[in-house]
Structure formats: C-alpha cells, structure tokens
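Asks: After the structure tokens below, expect a handful of questions from me.
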Amino acid sequence: MEMNSIADWEQWVKLYRENPEEFERERLAAIEELIMRQPVSIRHRSRQLQWRIDAVRRKAPNSLYSCIRIYDMMIESVYGPGGLLEVINGSGSEPLVRPRLRNGKTGLCLKLTGRERKKPGSAS
C-alpha cells in the first residue's frame, strides 16, 4: 500500500480498524520496501533504527507515549552528541548552524554567507 496522499492515509486507517493483523503485515512490508530502496551502504543502519523504533513501540503503554519517545529519539539525533548539528558544524570553526535563545524560546538560526543572502525585492 502506498503512502502518498490523504486517500492513502485513509486506506491505512481503514485497514487498521478492520483488520489489525493485515495492517501490521502491510506496515512491515512497506518498511522493508523503503529500506530496500536505499543504497546498500545505509541499509544496515536503517534496519538498526527501525529495530529501535519497533522496540519503543512494543514497550510503550500507548500510542501517544511511543510517538513522544520516537520524537525524542529524532531530536536527540539532531541535537545530541554526534548528532546532525555537530556533524554540520564540524570542529574548530564558527558554526554554520547554531541554536539561539530568544524570548525564552529555542530556535534555529542558519548562518548565511554572502552568496546565499538575497536583498529584499531581488529575484531568486
């Protein structure tokens, strides 16, 4: 089953409500298909990540809890040690991306070099 539109989403919901076992088989097949479309060099890491996600889902007392825990995993992979920001920023130089606190809220600011900056009203 594809996942490209609202109609596809509605099909997934209907399948889950009518036949949870078939839904689970289709879900696993869709995940496997996605992993197999990836380059061979990252398939193993993708399987490891999916294993972690499935473990969170199994241990969670409810769907909301698993959603929050999986979201936390995603945030950690971006902001945590060895995460995306650390990789992007590299070491030793001024960061390309840095979190900024403004009015008590966390935000993300991208440092633009002269080439990326556009003057107001200029064509893209």
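The values are calculated or read from the model by the stated rules, or taken from the named source; none is laboratory data. Bear in mind that the values here come from a model prediction, so they are computed numbers and not experimental data. As a convention, Cβ positions derive from the backbone with ideal geometry for all residues, glycine included, and neighbour counts pool all protein chains shown.
Every residue, every condition in (1) surrounded by 11 or more Cβ atoms within 10 Å (Cβ to Cβ); (2) within 28 Å of residue 75 (Cβ to Cβ), yes or no:
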{"residue": "8", "(1), (2)": "yes, yes"}
{"residue": "22", "(1), (2)": "yes, no"}
{"residue": "34", "(1), (2)": "yes, yes"}
{"residue": "48", "(1), (2)": "no, yes"}
{"residue": "53", "(1), (2)": "yes, yes"}
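Asks: For a quick check of your reading of the model, give me the residue pairs whose first member lies in region 67-87 and is closer than 14 Å to residue 54 by Cα and in contact (Cβ under 8 Å) with a residue 12 or more places away in the chain, whose second is of a type outside the set (Phe, Trp, Tyr) and part of a helix (DSSP H, G or I), with beta-carbon atoms closer than 6 Å and at least 6 apart or on different chains.
Replies: 69/56; 70/53; 70/56
Asks: Another question about this same structure. Where residues in region 25-84 are within 20 Å of residue 13 (Cα to Cα) and of a type in the set (S, T, N, Q), which of them is modelled with the lowest pLDDT?
Replies: Restricting to residues being within 20 Å of residue 13 (Cα to Cα) and of a type in the set (S, T, N, Q), the top hit is 63.
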